[in-house]
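Q: After the structure tokens below, expect a handful of questions from me.
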Amino acid sequence: MTDLDDFTSPVDAVRKLWELVDNSHLGLGYLKSKSIRNVEKAKSEAECDSRLRKVQTDIDVDDVKNGIKEYRDGQLSRPNYQEKIPSRIEPTMDLEALNMYELTQSSRAKQDIKEGHNLKDTLKVTEGILRSRTDEPSEKNVDEDFFTRWVDCAKKVSSKEMKSLWASALAGEIVEPGSYSLRTLETLKNLSKEEAELIAKAAQYFIGGTFYRDSVHDLSLDELLTLCELGVLSDPANIHLRSTIVLGDAPYGYHTNLQAYDKGLYITHRSMDTLSMTSIAVTTIGRELSTLAPFEINIQYLKVLGMKISQLGFDVYMGDCKLLEDGSTQIKNGEKL
């Protein structure tokens, strides 16, 4: 584990992680940072030593009273003393009940150990993610209910891939509390590895919270319906509907940006301020899940979509997408399609 007194940048986010663990009411003391564990160990050993000395003193006083020991000149000694040893009574034991108890305790202990290792591993991955991020964490604290639910779920996760997703969720929540809802955690909890892989496959086609079916993709109808059932895409009844993209005012007409992770499309037209495309909305859960891994847009998908929009009479440029301080986006290094 990490020593709280030995941080390197980014200090604040990593410190928030281990303070969250240290201050938790969930009994996570075995995961505490090294410095805190050392202080508590020294305190515990001192208290234990004090109690043992008191017990030994009481024993010595009783022995002196009973003539077992003598106290002279500040020294204890034992004179010739014959202790009467009672005849031994051999104990009896219910072996069947003992075996059942031991089996139960052993199984429970193994499960606790496994969950402890899972949680420890996931927290280590979380720390690694936080150390690689450059954004400053919010001053807000992580919601207690969120962390309780996170711990309950993360300790049951064994696969490396799923641990990475849970670590990303906690890291994101530490940097900006409220980034992930309890509903998203519940969805992530119930995901199989295959379902997580399907979401990863679909995420390469998400543009600004929308999946446009007008472009080329390799998602089957069954996969789209599964994504709807998982709550990643909106109601399957809307799977063939067309949505309208509204363009904002520009000095010489209308324009808009479609952000696709670090890429995007810049769309402009002199007189038309809307365009219609066949699409499915990505739900809040889907958008939150799509931030748990460093997904990238499928460039061919984005390019074909841009070319189809261009065929409708719009000027379209594909380039790098930069997020500005005011929350808006800017397309740079654009290539006209």
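Q: Among the residues of the range 156-172, is there at least one that is under 16 Å from residue 14 (Cβ atoms), in the same structural domain as residue 115 (by TED's automatic domain parsing) and not small (Gly, Ala, Ser)?
A: Among the residues of the range 156-172, at least one is under 16 Å from residue 14 (Cβ atoms), in the same structural domain as residue 115 (by TED's automatic domain parsing) and not small (Gly, Ala, Ser), which makes the answer yes.
Q: Tell me, which residue of the range 214-229 that is closer than 19 Å to residue 295 by Cα and buried (at least 16 other Cβ atoms within 10 Å of the Cβ) is nearest to the chain's Cα centre (by Cα)?
A: Among them, the one singled out is 227.
Q: Of these, 297, 280, 285, which one is in a loop (DSSP other than H, G, I, E, B) and within 30 Å of residue 162 (Cβ to Cβ)?
A: That would be 297, the only listed residue that is in a loop (DSSP other than H, G, I, E, B) and within 30 Å of residue 162 (Cβ to Cβ).
Q: Would you mind telling me which numbered condition in (1) modelled with pLDDT under 90; (2) loosely packed, with under 15 Cβ neighbours inside 10 Å residue 300 fails?
A: Unmet for residue 300, out of (1) modelled with pLDDT under 90; (2) loosely packed, with under 15 Cβ neighbours inside 10 Å: (1).
Q: Do we have residue 134 as surrounded by fewer than 19 Cβ atoms within 10 Å (Cβ to Cβ) and over 20 Å from residue 115 (Cβ atoms) here?
A: yes
Q: OK, next. I need a count of the residues in the range 142-170 that are out of contact with any His (no Cβ under 9 Å at 6 or more places or on another chain) and touching a residue at least 60 places away in the same chain (Cβ under 8 Å).
A: 8
Q: Tell me, yes or no, whether the range 178-189 has at least one residue that is crowded, with 16+ Cβ neighbours inside 10 Å, touching a Phe, Trp or Tyr at 6+ places or on another chain (Cβ under 8 Å), not hydrophobic (A, V, I, L, M, F, W, C) and not assigned by TED's automatic domain parsing to the domain that holds residue 282.
A: yes
The rows are residues; the columns are (1) within 30 Å of residue 312 (Cβ to Cβ); (2) at pLDDT below 90; (3) in contact with a Ser or Thr (Cβ under 8 Å, 6 or more places away or on another chain).
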residue: 182; (1), (2), (3): no, no, no
residue: 186; (1), (2), (3): no, no, no
residue: 192; (1), (2), (3): no, yes, no
residue: 202; (1), (2), (3): yes, no, no
residue: 214; (1), (2), (3): yes, yes, yes
residue: 223; (1), (2), (3): yes, no, no
residue: 226; (1), (2), (3): no, no, no
residue: 232; (1), (2), (3): yes, no, yes
residue: 238; (1), (2), (3): yes, yes, no
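The values are calculated or read from the model by the stated rules, or taken from the named source; none is laboratory data. Quick caveat: nothing in here was measured; it's all calculated off a predicted structure. Note that each Cβ is placed from the backbone with ideal geometry, even for glycine, and that neighbours are counted across all protein chains shown.
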